Amino acid sequence: MKYTIAEARRLRNKKQQELADFLHIHVQTYRKIENDPERATIKQAKLIAKFLNMPYDNINFCTH
């Protein structure tokens, strides 16, 4: 099953601020990534999956 970034984050009981801190970006920038996952760089996408302890392929980083 594929999850959106927000679904995966909530599944792991993490806050947006925690992900932003892990990625070393402002929380507003992280929110933009959640709203438009294609904004995430490949490095950021892999770090998000790592932080959420979820396979990269289980998170949908595309909007279509």
| note | Residue-normalised 222 nm signal for the chain, counting each DSSP H run of n ≥ 4 as -39,500 (n - 2.57), nearest 500 deg cm²/dmol, is -14500 deg cm²/dmol
| note | With the charge dipole of the chain built from beta-carbon charges (+1 for Lys and Arg, -1 for Asp and Glu) about the Cα centre, the Cα from 60, 27, 4 projecting farthest to the positive end belongs to 27
| task | Note the full-extension length gain between residue 50 and residue 32 as 0.36 nm times their separation in residues minus their Cα-Cα distance, in nm to one decimal. | result | 4.5 nm
| query | Put a dot 7 Å past each Cα toward the Cβ at residue 2 and residue 17; how far apart are the dots in nm? | reply | 3.2 nm
| note | Counting only protein heavy atoms and rolling a 1.4 Å probe, one gets per residue an accessible area for the chain in Å² of 69 Å²
| field | Solvent-accessible area, 1.4 Å probe, carbon plus sulfur percent, for the chain | value | 49 percent
| message | Using the crude model of +1 on Lys and Arg Cβ and -1 on Asp and Glu Cβ, and no other charge, please compute the dipole size for the chain relative to its Cα centre, in debye to 20. | response | 120 debye
| message | Please compute, over every Cα-Cα pair in the chain, the percentage with a separation greater than 17 angstrom. | response | 26 percent
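The values are calculated or read from the model by the stated rules, or taken from the named source; none is laboratory data. Predicted, not measured: the structure shown is a model, and the values here were computed from it. Using ideal geometry, Cβ is built from the backbone for each residue, glycine included, and neighbour counts are taken over all protein chains shown. Note: areas computed on protein heavy atoms with side chains; ligands, DNA, RNA excluded. Shrake-Rupley method; radii C 1.70, N 1.55, O 1.52, S 1.80 Å.
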